[in-house]
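What follows is a set of notes on a single structure, which appears directly below.
The values are calculated or read from the model by the stated rules, or taken from the named source; none is laboratory data. Just so we're clear, the structure is a prediction, and the values are computed from it rather than from any experiment. Positions of Cβ are backbone-derived with ideal geometry, glycine not excepted, and every protein chain shown enters the neighbour counts. These area figures cover heavy atoms from the full protein model, side chains too; ligands, DNA and RNA do not enter into them. Shrake-Rupley method; radii C 1.70, N 1.55, O 1.52, S 1.80 Å.
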Amino acid sequence: MTDKLPYAEVIGDPIAHSQSPLIHNFWLEALNIEAEYRKTHVPAEGLGSYFLERRADPDWLGCNVTIPHKIAVLDYVDDPGGVRDRIGAVNTIASETGGPLIGTNTDAGGFLQPLLREGWKGSSAVIVGSGGAARAILFALASLGVPDISIMARDATKGQALLDRARVKGRVLGMADALPAADLLVNSTSLGMVGQPALDLDLTPLPAKSTVYDIVYAPLETGLLRAARARDLRTLDGLEMLIGQAALAFDIFFDAQPPRDLDGELRERLLAAQS
């Protein structure tokens with residue numbers, strides 16, 4: 001690969017853990033597309049200069065956005081799809097050289113893909129967290145018509161603001177509160193990620209039909225998922241949403257559908273990269 005190739009990238013702080021380059025470059029190689037996908041460390045104070053520099057680069061196709069910038073980047077993008085009002089967080093930004101930065105969110109669609117694939121029909125859910133990923137997940141679940149959604153958050157005000165933005169009449173729980181008997185539990189935080197504190201929840205209140213979905217993918221086998229499997233609950237790991245949202249972003253950046261028939265091989269590569 002050379003610096004002359006068209007490229008997209010993922011930005012965040014931290015960013016070393018990101019597996020997005022492996023995913024996108026795997027698909028680019030499989031489709032024989034001459035482009036590349038990178039990861040770039042961008043601290044909060046560097047967002048303005050980052051976008052100024054990239055907009056002048058004719059090879060830059062756009063970027064994905066991860067922790068902690070999904071809300072902050074709203075100040076730098078155009079929003080023709082109304083993502084600011086509907087979700088309140090952006091994870092994908094596309095650009096034409098010198099043109100506007102167009103923000104969108106592929107987290108919501110990526111999150112839903114495995115639930116739709118498995119025919120999930122629950123009527124209640126608990127989302128742990130109130131950040132950018134939680135906003136997309138709440139929007140996704142509300143779009144399915146899930147009537148009973150609770151937010152578990154350290155800051156009750158942020159949790160309530162999340163529900164108000166989505167126009168969802170849900171409940172806000174503290175991190176020490178007991179879980180309700182929900183059909184779906186989603187960890188949208190970085191708790192349980194390598195280098196982060198564990199997410200310690202008592203899963204006893206969850207009924208046997210519940211699904212536990214952890215969007216953390218490093219490690220893939222989080223403490224939350226281990227606890228869920230010990231109770232024989234259905235589980236979905238972080239690679240499900242990671243690959244799903246990446247597939248939607250790949251089409252935006254490279255104008256091509258990724259070869260999802262190779263998901264098995266892709267997962268094997270992602271797992272090998274963690275070992």
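What number goes with the only condition from (1) modelled with pLDDT of 95 or more; (2) crowded, with 18+ Cβ neighbours inside 10 Å; (3) on the phi < 0 side of the Ramachandran plot that G48 does not pass?
(2)
Which of the residues belonging to the range 97-128 are assigned to a loop (DSSP other than H, G, I, E, B) and open to solvent by 10 Å² or more (accessible area, probe 1.4 Å)?
Scanning the range 97-128 gives T97, G98, G99, P100, N105, E118, G119, W120, K121, G122, S123.
If we scan the range 133-146, do we find a residue that is hydrophobic (A, V, I, L, M, F, W, C), assigned to a loop (DSSP other than H, G, I, E, B) and either modelled with pLDDT under 95 or surrounded by fewer than 24 Cβ atoms within 10 Å (Cβ to Cβ) (or both)?
yes
Please enumerate the residues belonging to the range 173-230 that are among the polar types (S, T, N, Q) and closer than 23 Å to P114 by Cα.
N187, S188, T189, S190, S210, T211, T222
Can you give me the number of residues within the range 1-42 that are part of a helix (DSSP H, G or I), open to solvent by 10 Å² or more (accessible area, probe 1.4 Å) and touching a Phe, Trp or Tyr at 6+ places or on another chain (Cβ under 6 Å)?
2
Assuming V194 fulfils every condition listed in (1) of a type in the set (A, V, I, L, M); (2) at pLDDT 95 or above; (3) open to solvent by 30 Å² or more (accessible area, probe 1.4 Å) apart from one, which condition is it?
That leaves (2) as the condition not met.
Among the residues of the range 212-221, is any farther than 20 Å from H69 by Cβ, without any contact (Cβ under 8 Å) to a residue 24 or more places away in the chain and either over 18 Å from the mean Cα position of the chain (by Cα) or part of a loop (DSSP other than H, G, I, E, B) (or both)?
Within the range 212-221 (the criterion being farther than 20 Å from H69 by Cβ, without any contact (Cβ under 8 Å) to a residue 24 or more places away in the chain and either over 18 Å from the mean Cα position of the chain (by Cα) or part of a loop (DSSP other than H, G, I, E, B) (or both)), the answer is yes, since at least one residue qualifies.
Right, A133: touching a residue at least 60 places away in the same chain (Cβ under 8 Å), of a type in the set (A, V, I, L, M) and closer than 17 Å to I87 by Cα or not?
The answer is yes for A133.
Just to be sure, is A246 assigned to a helix (DSSP H, G or I) and more than 14 Å from A134 (Cα to Cα)?
Answer is yes for this residue.
In a loop (DSSP other than H, G, I, E, B) and among the hydroxyl-bearing types (S, T, Y), is that true of T204?
Spelling it out, T204 is indeed in a loop (DSSP other than H, G, I, E, B) and among the hydroxyl-bearing types (S, T, Y).
Yes/no per residue for (1) of a type in the set (F, W, Y); (2) more than 23 Å from N91 (Cα to Cα); (3) in contact with a helix residue (DSSP H, G or I) (Cβ under 6 Å, 6 or more places away or on another chain):
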residue	(1), (2), (3)
G131	no, no, no
L138	no, no, yes
L141	no, no, no
M152	no, no, no
K158	no, no, no
K169	no, yes, no
G174	no, yes, no
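Could you check how many residues of the range 147-172 are buried (at least 19 other Cβ atoms within 10 Å of the Cβ) and within 28 Å of D232 (Cα to Cα)?
Matching residues across the range 147-172 total 7.
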